[in-house]
1. Taking 25 Å as the cut-off for C-alpha to C-alpha distance, list the pairs among K246/K289; K157/K227; K227/K329; K27/K335 that go past it.
2. Could you give the length gained on full extension between T190 and V134, defined as 0.36 nm per residue of separation minus the Cα-Cα distance, in nm?
3. Given R₀ = 35 Å, what would the calculated FRET efficiency be for L110 paired with S89, taking r from the Cβ atoms and rounding to 0.05?
4. Could you list S180, S74 so that the one with the fewest beta carbons within 10 Å of its beta carbon is first and the one with the most is last?
5. Once you have the Cα-Cα distance between K329 and N182, take 0.36 nm times their residue separation minus that, and quote the gain in nm to one decimal.
6. For the pair R288 and Q342, how long in nm is the line joining their label points, each one 7 Å along Cα→Cβ?
7. Mind giving me the nanometre distance, one decimal, between the label points for E244 and H231, set 7 Å out from Cα along Cα→Cβ?
8. Starting from the Cα of F96, step 7 Å along the direction of its Cβ; do the same at K157; then give the gap between the two resulting points in nm.
Amino acid sequence: MKKSELNLPGNTPDNQETDFFLPDLCKVQSVFILLIVTELVALLFALAHPSKELLEWNYLGLISLFGHWSVLTSAAILCVSRPQLAKLSTNQAATFSFIIILGITLIYSLVADHFLRPQSGTEIDARFIFRNLVISAIIGGITLRYFYLQHQWQQQKQAELRARLEALQARIRPHFLFNSMNTIASLIATNPESAEEAVLDLSELFRATLNNKKMLIPLKDELELCKRYLHIEGLRLGNRMTVEWKLASYDGSVLIPPLSLQPLVENAIYHGIQPRTEGGVITIESYRKKNIVYILISNPFDEVTTGSHQQGNKIALDNIRSRFEAIYKQQAVMKTSQIDGQFTVTLRFPVQ
């Protein structure tokens, strides 16, 4: 899955490994979880081991050592083999993973039997080996099954998220078209040449929005769409509207849901600039602090029209807020403020 898309599972080479049910066991978080779970399992076996004391520490130490070596080695091999396993079917990959776990367990069981019973020579404690393999098979099978179910659950969540985001975006596009066509219609009688120019800008806008199936796009593309829309509105409003851009430079890692800034710019015009005879200034500002991006869109407002301003903003704000919450969860914040005759919408979201 590419960074700029939230796609459903596919069979392309780029997303085969991402759509694989086995997680990346090389990550620090995965290794930490494996260590904790292994130690808890070892503690359970130590508590269940018959002993005069509540806990036999020597036994716990041996089990922990054996468990950690087996688990970490299996995780390392599965991590290295993950790209190759991802090319196989789920059943084949699960079978090979299961065999790897049992093979590692068998090797360490033979090593442990040799060092724990040096007097036995070449004799192997078959009962010890068989018991370890059975325990490994049960725990390994349960773990692989958990990974598979967890992966299926994540895929289902992703599909539901995409359907929800597509529905939200579908609600914005007709509204965008309706308002843009109204703008062009108002120009036809007074300035046909400007109307023709606006139609060309609108066609470029819709070519970009309708052909884009991505759930996340580069921020620069969304800002470019806003600039085109402001140009259309500028033909109608003339010198009544001034736009101030205060943009920081960004790299390609900053992504944003499409059509998330344009409705805010549209609201700034229709509820902040258009009702005022003298017009006003729209300010679009963006900056980045570490891995957090801030975008602020400000426009003037009058106390008399504050109530209608808030009501007109509600649909667009609720829609955009829902999309940001769906993608970024609690990491995204959207808030509005009215200070000193300025209405400001602030977006804060992490670098995705």
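1. Details: K246/K289 15 Å; K157/K227 34 Å; K227/K329 28 Å; K27/K335 35 Å.
Result: K157/K227; K227/K329; K27/K335 exceed 25 Å.
2. On the way: separation 56, 0.36 × 56 = 20.16 nm, distance 8.47 nm.
11.7 nm is the gain from fully extending T190 to V134.
3. Details: r = 31 Å, r/R0 = 0.90.
It comes out at approximately 0.65.
4. Working: S180 20, S74 23.
Lowest to highest Cβ neighbour count: S180, S74.
5. 49.4 nm
6. Taking the simple label geometry, R288 and Q342 are separated by 2.4 nm.
7. That separation, rounded to one decimal, is 2.4 nm.
8. 2.8 nm
No lab work stands behind these numbers, since they all come straight from the coordinates. The structure presented is a predicted model; accordingly, all values stated were derived computationally and were not measured. Counting neighbours? That spans all protein chains shown, and the Cβs are built from the backbone with ideal geometry, glycine included.
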